[in-house]
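This report concerns only the one structure given below.
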There are 6 protein chains.
Amino acid sequence: MPYVNIRITKEGATPAQKLELIEGATDLLQRVLNKNPATTFVIIDEVEMDSWGVNRENVVTMRAREAAARAAAKLGDKS
Amino acid sequence: MPYVNIRITKEGATPAQKLELIEGATDLLQRVLNKNPATTFVIIDEVEMDSWGVNRENVVTMRAREAAARAAAKLGDKS
Amino acid sequence: MPYVNIRITKEGATPAQKLELIEGATDLLQRVLNKNPATTFVIIDEVEMDSWGVNRENVVTMRAREAAARAAAKLGDKS
Amino acid sequence: MPYVNIRITKEGATPAQKLELIEGATDLLQRVLNKNPATTFVIIDEVEMDSWGVNRENVVTMRAREAAARAAAKLGDKS
Amino acid sequence: MPYVNIRITKEGATPAQKLELIEGATDLLQRVLNKNPATTFVIIDEVEMDSWGVNRENVVTMRAREAAARAAAKLGDKS
Amino acid sequence: MPYVNIRITKEGATPAQKLELIEGATDLLQRVLNKNPATTFVIIDEVEMDSWGVNRENVVTMRAREAAARAAAKLGDKS
């Protein structure tokens, strides 16, 4: 009878990936606690990137910063 | 002061039906626990069908299976 | 397949009352949206009164204020 | 490591306002409980107005009633 | 940055089992969506059995019924 | 009408601290979005430390590791 709520940022998870999460979470509950898959709910919430904050910034800003860092690292590789 | 969160799959609930849920949940809390409707919140979340899993499959697949079973049953009735 | 989460303050709801909430919420979803009771979850969270705030105060304070108002009203009736 | 979930009705909160909520909630947890911003999550859910009920009505109706009251008050001011 | 909330009935899950859930859910998000374990939260809520309903009954009743069915089946084996 | 749910590990937050969270979250919603405090709910969930995971470990383990690091640092200061 478990209820599993997975919240992720909306960044293009495909139906196939979401199904993998559903299967994986259901299997996890069955393996660890012998819970019945027939009554295991898994609900995935995809949250807009500007509605999710961590470390006082939203994920839009965080992803931009990460991308800039990767771009800078690449430039460094070439020099 | 109750907070009621109703999560359903997004399958076309109308504003009128959602209002019935709001009224019904509020009345339930008042009847059973004498809670004040003025401070009873009811929030309905409609979840995409491929984001809701039960029994290791998503609701898209479950609904397709159910529809196929109904179609098969109809054919059986006619034969 | 609905999931209903009812959050109330911990103020002595009995198992019988909680069962009424479970039955009532399940019936509501069946009546309004034809949802199957077999896969309707109802989860009741009882929250400590000092962990629930409304109007910038916690429910401990609110209940004390309400009780004082009732006591004052009673005294007023007698005078 | 706190997790803060802010649910509001979808009535046009801007990205800048949502960021203020993220910053404010993170700062609050740091100030009161010395929680580390780096592991403080703030997630904002914007809920459709007809999916949020209080006092047995949805927020669409409540906002219409409030607007009508404001309009009536304005008329009264002029008479 | 995922947030995973696992809700189960309070029926004696051990700290070791809860850790397995934490590890398993974190690994799942990393495997499927390449999410960083360092910012993956897993929160397990253990809900009292009389606060969890499915199919219009609480889990106390359901477990009693299941136990009775098992006992009856055992008697049947012996006869 | 906002609903704010603050989830923290159960590590001794006092009623006074919880009240500060309630006040602070209510004020934040009023300041940023002009929300009415009278219908702002703040609910604080205190979660057992072995039920909260981050980075594939539970908070019991994390706190022990942090304490060991602090003790080691202190020893280092003295040497």
Dipole check, chain C, charges on Cβ (K,R +1; D,E -1), about Cα centroid: among C:V54, C:I6, C:L21 the Cα furthest to the positive pole belongs to C:V54
Report the accessible surface area buried between chains C and B, summing both sides, using a 1.4 Å probe on protein heavy atoms only, in Å² rounded to the nearest 100.
2200
So, over other residues within a Cβ distance under 11 Å of E:N55, counting Lys, Arg +1 and Asp, Glu -1, the net charge is 0
Under 28 Å Cα-Cα from D:K18, which lysines qualify once same-chain neighbours fewer than 8 residues away are excluded?
A:K10, A:K18, B:K10, B:K18, D:K10, D:K35, E:K35, F:K10, F:K18, F:K35
Amide H contacts under 5 Å for C:K10, restricted to residues at least 5 apart in sequence or on another chain and with H modeled in the peptide plane, are C:V47, C:E48, C:M49
Tell me the distances, shortest first, between C:K78 and the same position across the other copies, using label points 7 Å along Cα→Cβ, in nm to one decimal.
5.6, 6.5, 6.6, 8.2, 8.9
Nearest-20 debye value, chain F charge dipole, Cβ charges on Lys, Arg, Asp, Glu:
240
Could you please point out the chain B residue with its Cβ nearest to the axis of the rotation taking chain B onto chain D, and the distance in whole angstrom?
B:D45, 5
Can you pull the percent of chain D's accessible area that's carbon plus sulfur, 1.4 Å probe, other chains left in place?
53
How much accessible area per residue does chain A have, in Å², with a 1.4 Å probe?
46
How large is the Rg to Rh ratio of the protein assembly as shown when both quantities use alpha carbon positions and Rh follows Kirkwood?
1.00
How do A:D50, E:D27 rank by accessible surface area computed with a 1.4 Å probe, from largest to smallest?
E:D27, A:D50
Using just the Cα positions, wrap region C:1-47 in a convex hull and report its mean projected area in square nanometres, one decimal place.
3.0
Compute the long axis of helix C:15-33 from its Cα atoms, compare it with the longest principal axis of the Cα atoms of chain C, and write down the angle in degrees, 0 to 90, nearest 10.
50
Taking every DSSP bridge whose two residues both lie in chain A, the antiparallel percent to the nearest 5 is 20
Within-14-Å neighbourhood charge of C:D45 [Cβ basis; K, R +1; D, E -1]:
-3
In degrees rounded to 10, the 0-90 angle between helix A:59-78 Cα long axis and the longest Cα principal axis of chain A is 50
Do you know which residues of region B:50-79 lose at least 50 square angstrom of accessible area in the protein assembly compared with their chain on its own, with a 1.4 angstrom probe?
B:D50, B:S51, B:W52, B:G53, B:V54, B:N55, B:R56
Mind jotting down the distance between the C-alpha centroids of region B:2-74 and region E:30-79, whole Å?
21
If you project the alpha carbons of chain E onto the principal axes, what extent comes out on each, in Å, largest first?
56, 28, 22
Taking a label point 7 Å out from Cα toward Cβ, give me the nm distances from D:R63 to the same spot in the other copies, shortest first, one decimal.
2.7, 2.7, 3.6, 4.4, 4.6
If every Lys and Arg gets +1 and every Asp and Glu gets -1 at its Cβ, then about the Cα centre the protein assembly as shown yields a dipole, in debye to the nearest 20, of 0
MRE, 222 nm, helices only [DSSP H, n ≥ 4, -39500 (n - 2.57), over chain D, to nearest 500]:
-17000 deg cm²/dmol
Could you tell me the accessible area of B:E48 in Å² (1.4 Å probe, neighbours in place), rounded to the nearest ten?
100
Note, region A:44-56: 3J(HN,Hα) by Karplus (6.51, -1.76, 1.60, θ = phi - 60°), whole Hz, Gly/Pro = x, goes 9, 9, 9, 9, 3, 4, 8, 9, 10, x, 8, 6, 6
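The values are calculated or read from the model by the stated rules, or taken from the named source; none is laboratory data. Because the structure is a prediction, the values reported are computed rather than measured. Methodologically, a virtual Cβ is constructed for each residue, glycine included, from the backbone with ideal geometry; neighbour enumeration extends over all protein chains shown. Quick note on the areas: whole protein, heavy atoms, side chains included, nothing else; ligands and nucleic acids left out. Shrake-Rupley method; radii C 1.70, N 1.55, O 1.52, S 1.80 Å.
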